[in-house]
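See structure below.
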Amino acid sequence: MSVLRRIANSFHRSKLDKEIEAELSAHIEMRAADNVAAGMPPDEARREALLRFGNRTVLKERVTAADAQTFVDSLWQDLRYGLRMLRKSPGFTAVAILTLALGIGAVTLIFSAVYGVILNTFPFRDASQVTSFTIADLNHPGRGREFLSVAEFLYFREHSQAFEDFSGEYGGFGATPERYTTRNATYQFDADFLSVNSFQFFGIRPLVGRLPAPADVKPGATPVFVMGYKLWHGEFNSDPNVVGKSFTLNGVPTTLVGIMPPRFRWAWVDVWVPFSVDPAEALTKPGLKNQFLYTVGRLKPGVSLSTAAADLNVVAHQYAKIAPADYPKRFTVTATSLSDRVTGGFKELMYPLLAAVFMLLLIACSNIANLLLSRATAREKEMAIRASLGASRLRLIRQLLVESLLLAMAGCLVGCLFAWLAIKGIVPLIPYNTFPQEAVISLNGPVLGAALLIAMFSTILCGIVPALHSVRDGVRRRLAGDDRGSDLRSGKLRSALVITEVSLGIVLLVCAGLMMRTFWNIKNVDLGFDPHNILAEQLSFSRSDSKTDSSQQTEAQQTEQENVTSRKVLEQVESLPGVARAALASSPPAFEGFSSEITIPGKTHAERWTTRINLCSEQYFELLHLRLLSGKVFSRGDIDLVRPVAVISATFAHKYFGADNAVGQSIHFAVLDQLPNFKDKLFEIIGVVSDVGSGDPRKGSQPQAYIPYTLVGANEDTLLVGTLVPPASLIPTIRTRVWAIDSNLALLNPATIEAMLQRAIFSSPQFEFVILTAFAAIALGLLMAGIFSVMAYTVSLRTHEIGVRMALGAKPEAILRMMLLKGVRLVLVGVGIGVGASLAVTKLLQEFLFGVRSTDPATFLGVSAFVVLVAVLACWIPARRAMKVDPMVALRYE
């Protein structure tokens, strides 16, 4: 058996063992035959032959080891030879590595996002077992609840058979503020009340200190809490000595017992306060027993989601008999993993990007395959010489694949560098609310492993066809230099690859163009006001929790005191240098605020009439430069005397009053019936102002009503400050002035209106636009390089033909036209296929688009014309080179 044959079977050990065994047996039989011919009896002859060869197992192991060593040596030889060949062609090597790096880098970037957000969402112990569930109303599909009452939560913990434990929380996501009071200032943190068993449930160890224990929530125990890393790092400079100290939170001395690691962001808050899950305490403690808890469970090992849902369904129907009023008549319980529950928005964001990056990788691989195919055709004589010296086709293919592997490994390294740089720049652009704050997008072991697998895939995809092409024809033809058949086949393949690149590039560019139009349209939506240089900061007053018989009087006194304080705040802030106007509002402009059902005396209607409501001060309209269309806006007396007056928007007036004059008419706001002094109160319309756009441009302008903020005081109002200087520069001065008036006032979440609009409205289309545009630009560069390389190689192959044509009288312009037409034909075919594919693909983008159709003719025509122009430019340089060929040189060209 030849050595090369053994190399071919080195990965098939069982087959190799059989072949070695057969060869040994043949040698033994031959030796035995020689012994018999020498006069030895047959038995003795075979015995002597067996003794001569010795232990067959040991001999087979030696042959196998030698065979493996030979394979390793030859592979090392291939690696060194491949490196030498790549060094000999630095231009080809650099272009190939850069092309692969762009493709691999883009895929690595997207996979790092998919892995960090979807596959590794939470840092919890066995995070895949943490399950969310919903009690769904079968009579009203789409309705359901994920919250359990405290009694219900305790019942589920006790009776469920599919779960190890349950965690419950309330007050997260900014719903429950905790006020931290110092001597001269008040700060407010977002807090979450978390069942004390949750810290063991999630399996997260603290960075500093300890976790709350059941003893910490016993009656009479000192209240404790844990703090998030972000707050600890930002406000306390990562000082470990703060652990163990007492903080006055909402007026109650509370001990900080631990600091949680950066990835623990449950309920997106800064502070977690434990509560008891002991039924004797939880069901009797005021303020807790009536709470509803968002609940998640931890599955027991081996329990599926369907089994868990069935178990929860049984428990829920049992409890429905105890508290029938809490359940629909017909319901069921559905269960899903917590990760799937919270990453739906991010998945929708990723779908078009996954398709785009897959197309980009295909373009990169097509480009590399074209380069390798051209290189393989040029090296046919080298392959023929090696074959004539005894190299098998398998060895030659392996040699070429090893070179492709070296390119892929280099491309992988550079691609990971590109991905790392892209993560630094692109992650801040990802819309804030699209994935949990626990998720981290970074380069890590699994992501780098995936990048390596992508590189291996690229090696096979890019290198196998050129490698097979280089060894498929006879040695004699290749040594003789007859490459007509080879060029015919490779030319068709190169043309097919160019058409593929162009069509995929068209799809990417069309998608990027549509997202660019969408981003432009959203960015230029008329919001009805100028958001430039407006600072928004929430004012939070400390309110008494008194529930005595005089609570209504206490509420009224608090409201009056808040109104006095807020007036002082407005006067002080407005007097600051660099401040043009200051106003109070219940919500920043362009954000929904709250809504109410309305009735208008004298008007009948079948449908439900609603409006958004903003409680504001008199300066609000001037600060936003809203146009007064009729009537007047609030005066200071309207605000201070709490007159029941309203200003409405143009959309409100048009929708509910039509051609009638709205000024002087009355409105009843149903939501205000909850206020003791405003039940069934009618508000007089005193003016109509221009519209302010909503937070969702797709909704257009909605009916809007403005009423005095003094109706309910300024407990959670937003301070709006129009500035003549950069808004951020005024934050420290504003806080100093406000705390000088009332040190118990907390100022929260300072941000410009522009930044708030960017986060809420512009970030999602901007992210899609930036990513798709980046991918499209890379694809366009690869497309241009691919066309250029193919045309340059075509010119080199046809140099002799061009010389003959020019010697026979062909004009240079005709040569130029001939070469250009060859390239443009391929591009036009690719454009046609790409436009057809884009019409199908862009339908999937429709939900992301705004102000433009998925079949927008201008985008399709513009992209097609641009690609043709770029392709003509890529063809022009090689074509001009062909036009300038010296006929005498070309006739001697080989």
Close pairs from segment 758-772: first under 10 Å from Phe519 (Cα atoms) and surrounded by 18 or more Cβ atoms within 10 Å (Cβ to Cβ), partner among the polar types (S, T, N, Q) and at pLDDT 80 or above, Cβ under 9 Å, at least 6 apart:
Pro765/Thr518; Pro765/Asn521; Gln766/Gln758; Glu768/Thr518; Phe769/Thr518
When the residues of segment 406-457 are filtered to those that are of a type in the set (A, V, I, L, M) and not in a helix (DSSP H, G or I), which remaining residue is farthest from the chain's Cα centre (by Cα)?
Leu443
Of the candidates Leu293, Leu354, Leu305, the one satisfying the condition of being closer than 30 Å to Asp190 by Cβ, in contact (Cβ under 8 Å) with a residue 60 or more places away in the chain and not β-branched (Val, Ile, Thr) is Leu293
Select from segment 285-301 the residues that are exposed (fewer than 13 other Cβ atoms within 10 Å of the Cβ) and under 24 Å from Gln161 (Cα atoms) and list them in ascending order.
Pro301
Unique residue being in a strand (DSSP E or B), over 22 Å from Leu747 (Cβ atoms), polar (S, T, N, Q) and at pLDDT below 90 when the list is Ser595, Ser546:
Ser595
Give the residues of segment 179-210 that are out of contact with any strand residue (DSSP E or B) (no Cβ under 6 Å at 6 or more places or on another chain) and either among the aliphatic types (A, V, I, L, M) or on the phi > 0 side of the Ramachandran plot (or both), sorted by residue number.
Ala185, Gly203, Ile204
Per the filter on segment 599-627, residues over 19 Å from Leu584 (Cα atoms) and open to solvent by 10 Å² or more (accessible area, probe 1.4 Å) are Thr599, Pro601, Gly602, Lys603, Thr604, His605, Ala606, Glu607, Arg608, Trp609, Thr610
Is at least one residue of segment 742-753 in contact with a Lys or Arg (Cβ under 7 Å, 6 or more places away or on another chain), part of a helix (DSSP H, G or I), among the aliphatic types (A, V, I, L, M) and touching a residue at least 60 places away in the same chain (Cβ under 8 Å)?
no
Starting from residues that are part of a strand (DSSP E or B) and without any contact (Cβ under 8 Å) to a residue 60 or more places away in the chain, keep the ones in segment 598-640 and report whichever is nearest to Asp530 (Cα to Cα).
Ser630
Residue that is modelled with the lowest pLDDT, among those in segment 528-543 that are assigned to a loop (DSSP other than H, G, I, E, B) and small (Gly, Ala, Ser)
Ser542
Hey, Ser128 closer than 23 Å to Gly345 by Cβ, open to solvent by 20 Å² or more (accessible area, probe 1.4 Å), in a helix (DSSP H, G or I) and at pLDDT 85 or above or not
yes
Subset tally (residues that are open to solvent by 10 Å² or more (accessible area, probe 1.4 Å), hydroxyl-bearing (Ser, Thr, Tyr) and within 22 Å of Ser635 (Cβ to Cβ)) for segment 691-726:
1
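The values are calculated or read from the model by the stated rules, or taken from the named source; none is laboratory data. Quick caveat: nothing in here was measured; it's all calculated off a predicted structure. Reconstructed Cβ throughout: ideal geometry from the backbone, glycine too, with neighbour counts over all protein chains shown. Note: accessible area is taken over every heavy atom of the protein model, side chains too, but ligands, DNA and RNA are not part of it. Shrake-Rupley method; radii C 1.70, N 1.55, O 1.52, S 1.80 Å.
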